[in-house]
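Here is the structure we will look at, set down as structure tokens.
The values are calculated or read from the model by the stated rules, or taken from the named source; none is laboratory data. Quick caveat: nothing in here was measured; it's all calculated off a predicted structure. Neighbour counts are summed over all protein chains in view; Cβ atoms, including those assigned to glycine, are modelled from backbone coordinates with ideal geometry. Heavy atoms of the whole protein, side chains included, go into the accessibility calculation; ligands, DNA and RNA do not. Shrake-Rupley method; radii C 1.70, N 1.55, O 1.52, S 1.80 Å.
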Amino acid sequence: MLNATFEPLCVVSARRAVVLVLKEKAEIVERNGAEFRSERAAVPAPSVIRLVHFVRVPFRSRVPLSRRGVFARDGHRCQYCGRAAENLDHVLPRSRGGPHSWENVVASCRPCNARKEDRLPQEAGLRLRHAPVTPHAHLWLIATAGTVDPVWTRYLPGVAAAVPA
Ligand SMILES: [Zn+2]
């Protein structure tokens, strides 16, 4: 669900989105091809909706680091080789003082994670595809949805689409 300004707000169920559209509180921006049918009407199932009126959003603090959040940020892909990620990897290993922070944790496949051990990526012949960054505050809401519809990424700068493994 986007604000009237197209700023992402949160993830809502498709049913809730339809109710908002029927009440004319929101309009459909992207649809997913399916339809909701009632006795009176058929409504296209929305994938992205936008509120008709702007809502003021209270300041959100930093996103807490979580496995789900890291996987969502990194598109469920190993940040060293691009294969499906299964593990979290500390770029600067914990054993060498690396922090458990957004800037030091990436999604990794099992082989890359095992190959790296307690070394820096360059010491293990690995290269990070992207420098890990703290995601936008809306990411934790997306992470709770599990996966990110590829269509959503148009409205979510800094978030990669989840590619099925
Ligand atoms: Zn890998």
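General remarks:
- Close pairs (6 angstrom Cβ cut-off, 6 or more residues apart or separate chains): within 11 Å of Arg110 (Cα to Cα) in the stretch 73-85, open to solvent by 20 Å² or more (accessible area, probe 1.4 Å) and more than 9 Å from the ligand (Cβ to nearest atom) anywhere: Ala84/Ala165; Ala85/His76
- Looking at the stretch 1-113, the strands (runs of 3 or more DSSP E) lying wholly inside it that each contain 2 or more residues that are of a type in the set (Lys, Arg) and either buried (at least 17 other Cβ atoms within 10 Å of the Cβ) or over 16 Å from the mean Cα position of the chain (by Cα) (or both) sit at 26-37.
- Filter result for Ala107 (touching a residue at least 24 places away in the same chain (Cβ under 8 Å), closer than 18 Å to Val133 by Cα, touching a Ser or Thr at 6+ places or on another chain (Cβ under 8 Å) and aliphatic (A, V, I, L, M)): no
- Residue selected from the stretch 102-127 under the condition in contact with a strand residue (DSSP E or B) (Cβ under 9 Å, 6 or more places away or on another chain) and closer than 14 Å to Arg73 by Cα, by the criterion nearest to the ligand (Cβ to nearest atom): Ser108
- Count of residues meeting criterion [in a loop (DSSP other than H, G, I, E, B) and of a type outside the set (A, V, I, L, M)] in the stretch 114-133: 8
- Counting residues in the stretch 158-165 that are within 16 Å of the ligand (Cβ to nearest atom), surrounded by fewer than 20 Cβ atoms within 10 Å (Cβ to Cβ), among the β-branched types (Val, Ile, Thr) and at pLDDT below 95 gives one or more.
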